[in-house]
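Worksheet: one structure, shown below.
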Amino acid sequence: MYKTAKEKLPAVLDAISRYFSLYLPVDYEDGAVFEAYSYGKTLSSKVNTVKSPKEYFFPQTETLVNFKVDGKSLSIIDPRRESEDFVIFGMRACDVKSLAILDRVFLSDPIDTYYENRRRHGIIVSMACSKPAATCFCTTFGIDPSEPDGDAILYLDKDTLYLNIKTEKGAKLLTPLQGIIVDCEQNEVDTQKNLIRERLKKLPLSSLQTTTFSSGKTDDFFSSEVWETLSDTCLGCGSCTYVCPTCHCYDIKDFKTADGIRRFRCWDSCMFSDFTQMSHGNPRTKQSERFRQRFMHKLVYYPTNHDGIFSCVGCGRCLKSCPINMNIVKVMKALGGEGNGKQ
Amino acid sequence: MQKVTKDILISKAAGLLDSQTVTRVLGWKRGEFYDDVTPAVFHSREELENGFVFDDFCGANLSKYLIKETAKDDGKILVFLKPCDTYSFNQLLTERRFPRDKVYALGVGCEGMLDSRKIRAVSESVISVRDLGNSVEVETLYDGILTLDRQTLLPDRCQRCKSKKHVAFDELIATDGKILDSNRFDEVEKLEKMTADERYRFWQEQLSRCIRCNACRDVCPACTCEKCVFDNPDSGVANKACANEFEEKMFHIVRAFHVVGRCTDCGECSRVCPQNIPLHLLNRKFIKDINTFYGTYQAGETVGSRAPLVDYNPDDAEPSEVLTGGTHHV
């Protein structure tokens with residue numbers, strides 16, 4: 001564990017940025033946004049950004065391959081380059097955990113080399129949540145925001161900045177931070193950890209349970225009548241999907257360029273009418289079926305395929321961005337019945 | 001204006017259900033938090049009593065849902081309409097998007113809805129909100145109770161409300177208001193005063209934040225095509241994300257052109273945008289230009305009116321005049 005005065009935060013950011021590309025959440029009137037650091041930018045005071053930082057590993061649009069057409073010849077141009085190390089600074093526990101969920105999809109055979117490249121080079125400095133938001137429910141999914149995963153963990157209290165280096169990748173920060181941070185005891189952040197744990201107990205959604213849901217329970221929920229009611233006024237937009245840190249479906253398309261073809265992939269949403277479109281059309285013809293897909297994926301299908309792990313991290317972004325205010329908490333409560341999903 | 005309470009509305013709606021005047025009620029349903037109100041259909045007095053809400057967070061315009069609901073062919077449906085919602089209601093009728101005789105429209109008064117985004121900007125830990133008229137008391141987890149000026153928590157569309165008058169209803173709860181002298185074109189004028197480069201940069205910055213979730217289109221009461229060109233794989237423009245940097249601009253510009261003369265300026269596009277892009281300003285520019293060149297026209301003010309761009313009048317502005325873009329006309 002290392003520490004420095006909190007007022008040294010700008011110096012810490014500046015020092016890291018001299019060695020690595022640095023990204024951090026920055027406050028705007030409209031909410032916080034993860035973006036590239038430049039001198040003078042300060043760390044957001046918000047719990048969460050509007051969009052999750054998953055795009056640094058799984059961008060909304062990325063080129064997979066370029067085809068160049070020259071007369072009758074066609075050349076294939078591979079855009080992949082070994083990434084350089086970069087730092088994502090100030091990621092919350094929920095967002096860090098979401099990467100473990102994406103890893104199980106993209107890093108299992110066949111490995112997604114585009115994603116793997118960024119994961120290998122991304123150094124994650126997570127940040128403990130001293131003031132969890134009213135919409136947070138990460139503890140429902142076993143996440144501890146007083147001790148997030150990550151290559152290094154940042155704690156900020158009134159006067160002091162603490163940095164707990166957890167991995168070899170995290171230790172790469174020690175060179176830039178030499179002379180700025182000094183050694184300290186692990187237990188210096190215990191007070192803050194305890195305060196966070198006390199605060200978590202008082203959150204409005206603190207008693208939300210996942211007991212009803214788990215792997216292999218498809219038949220228990222698939223034919224439930226609540227899907228029709230819950231999705232009745234769903235607009236079928238992709239807001240929830242695109243702000244979600246764990247949604248990872250994508251589409252691959254070809255785009256005609258001046259001298260060839262650019263094959264790109266982009267985020268897709270199961271809420272869209274043309275999602276998984278095949279020659280006969282979309283296998284899910286009604287919005288209620290598309291809506292069901294999204295929540296069954298998070299609460300049943302993903303756990304079924306991934307050792308019982310849920311693909312929601314309780315960040316609360318969908319609670320804030322849905323135009324009709326429908327969200328996974330309401331779904332869990334409606335499906336769970338008394339004493340289960342219910343509080 | 002008499003304050004419309006939830007209980008008055010429940011009692012009214014339940015009465016109409018009991019008398020079988022309507023078979024169901026399209027309204028707003030209470031959620032987990034102070035602000036997460038969901039549009040919902042209620043079928044009984046019990047459902048209404050258990051979940052119906054009418055408070056500062058019922059911003060959602062319910063009129064577009066009438067297309068889907070009336071198609072169910074299940075008797076008459078009651079719908080609650082705030083003044084601005086009634087303009088969308090009329091416009092949808094003008095476009096023959098649902099049969100009027102299958103709807104019972106109950107007009108409800110509105111003093112402006114609160115913007116939960118603005119409340120969260122003050123504190124992310126708000127757990128309850130109390131409306132005290134000119135101020136709002138918010139209870140937070142860490143900062144105690146804060147008293148905030150209500151006016152500052154209104155979204156742009158309510159700060160610059162164009163009308164408190166219901167232009168359509170079968171029955172009105174509370175006394176009707178008036179069409180207001182709103183200053184809603186102020187922001188448009190600011191944009192017009194910019195140089196072309198500045199304006200380009202403004203929209204470039206705003207629209208490049210678009211994540212193509214399509215919420216603006218999906219909520220828009222003027223966007224009622226059965227199959228949107230942007231969802232049609234045969235159209236050549238149906239990309240789900242920006243394949244190039246013009247993509248999201250094309251989407252918004254095409255959409256804005258498509259709703260010209262039909263957009264009532266209800267502001268739902270900006271309310272639902274997760275990126276908080278001021279999309280309504282694109283539409284307002286068109287509305288302002290139409291007012292300048294063809295005389296004041298408010299879409300949805302009456303049923304059956306012909307929008308200036310689909311109507312011919314010998315006094316219409318010459319195309320050459322329109323080509324100046326309106327920046328030289330006030």
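The strands (runs of 3 or more DSSP E) falling completely within segment A:47-161 that include 3 or more residues that are in contact (Cβ under 8 Å) with a residue 24 or more places away in the chain map to A:61-70, A:86-91, A:122-127, A:152-156. Looking only at residues in segment B:175-227 that are within 14 Å of chain A (Cβ to nearest Cβ) and among the charged types (D, E, K, R), the one that is surrounded by the fewest Cβ atoms within 10 Å (Cβ to Cβ) is B:E226.
Taking the conditions (1) surrounded by 15 or more Cβ atoms within 10 Å (Cβ to Cβ); (2) in the same structural domain as A:S273 (by TED's automatic domain parsing) in turn, A:T210 satisfies each one other than (2). In segment B:108-128, the qualifying residues are those that are of a type in the set (D, E, K, R) and part of a loop (DSSP other than H, G, I, E, B), and the one that is farthest from A:S206 (Cα to Cα) is B:E111. Can you name every residue in segment B:131-143 that is surrounded by fewer than 18 Cβ atoms within 10 Å (Cβ to Cβ), on the phi < 0 side of the Ramachandran plot and away from chain A (no Cβ under 11 Å)? Selection gives B:D131, B:L132, B:N134, B:S135, B:E137. For segment A:227-277, the candidate set comprises residues that are within 24 Å of the chain's Cα centre (by Cα) and of a type in the set (V, I, T); within that set, the residue that is farthest from B:R209 (Cα to Cα) is A:T276.
So A:V182 passes all but one of these: (1) closer than 28 Å to B:T140 by Cβ; (2) outside the structural domain of A:S273 (by TED's automatic domain parsing); (3) in contact (Cβ under 8 Å) with a residue 40 or more places away in the chain. Which condition number does it fail? The number of the failed condition is (1).
Figure legend. Inter-residue proximity from segment A:214-237: first residues within 28 Å of B:V219 (Cα to Cα) and touching a residue at least 24 places away in the same chain (Cβ under 8 Å), second residues in a helix (DSSP H, G or I) and among the small types (G, A, S), beta-carbon distance below 7 Å, spacing 6+ or different chains. Indicated pairs: A:V226/A:A334; A:W227/A:S288; A:E228/A:S288; A:L230/A:A334; A:S231/A:S288; A:L235/B:A215; A:C237/B:A215.
Residue pairs whose Cβ atoms lie under 8 Å apart, separated by 6 or more positions or on different chains, with the first residue in segment B:55-77 and closer than 12 Å to B:P99 by Cα and modelled with pLDDT of 95 or more and the second assigned to a helix (DSSP H, G or I) and hydrophobic (A, V, I, L, M, F, W, C), are B:L66/B:F89; B:L66/B:L92; B:I67/B:L92; B:I77/B:L66.
Of everything in segment A:51-88 that is β-branched (V, I, T) and either in contact with a Cys (Cβ under 9 Å, 6 or more places away or on another chain) or modelled with pLDDT of 95 or more (or both), the residue that is nearest to B:I211 (Cα to Cα) is A:T61.
The number of residues in segment B:1-16 being out of contact with any Leu (no Cβ under 8 Å at 6 or more places or on another chain) and not charged (D, E, K, R) comes to 7.
Every condition in (1) crowded, with 22+ Cβ neighbours inside 10 Å; (2) in contact with a Cys (Cβ under 8 Å, 6 or more places away or on another chain); (3) not in a loop (DSSP other than H, G, I, E, B) is met by B:Q275 except one, and the failing one is (3).
Listed by position, the helices (runs of 4 or more DSSP H) contained in segment A:186-238 that have at least 2 residues being under 30 Å from B:Q275 (Cβ atoms) are A:190-201, A:226-231. In the condition set (1) at pLDDT below 95; (2) touching a strand residue (DSSP E or B) at 6+ places or on another chain (Cβ under 8 Å), A:K41 is compliant with all but (1).
When you look at A:N164, is it assigned by TED's automatic domain parsing to the domain that holds A:P132, over 22 Å from B:V37 (Cα atoms) and crowded, with 18+ Cβ neighbours inside 10 Å, yes or no? Taking the combined requirement at face value, the residue satisfies it.
The residue that is farthest from the other protein chains (Cβ to nearest Cβ), among those in segment B:119-130 that are surrounded by 15 or more Cβ atoms within 10 Å (Cβ to Cβ) and charged (D, E, K, R), is B:R120. Of note, A:R284 satisfies the criterion of being in a loop (DSSP other than H, G, I, E, B), more than 12 Å from chain B (Cβ to nearest Cβ) and of a type in the set (D, E, K, R). Number of residues in segment B:56-74 that are in contact with a Leu (Cβ under 9 Å, 6 or more places away or on another chain), more than 11 Å from chain A (Cβ to nearest Cβ) and assigned to a loop (DSSP other than H, G, I, E, B) equals 2. Looking only at segment A:245-263, residues that are of a type in the set (G, A, S) and modelled with pLDDT under 90 come to 1 in all. Please find, within segment B:17-46, the residue that is farthest from the other protein chains (Cβ to nearest Cβ) out of those that are part of a helix (DSSP H, G or I) and surrounded by fewer than 19 Cβ atoms within 10 Å (Cβ to Cβ). This residue is B:D18.
The values are calculated or read from the model by the stated rules, or taken from the named source; none is laboratory data. This structure is a prediction, so every number in the text was calculated from the model and none was measured. Neighbour counts are summed over all protein chains in view; Cβ atoms, including those assigned to glycine, are modelled from backbone coordinates with ideal geometry.
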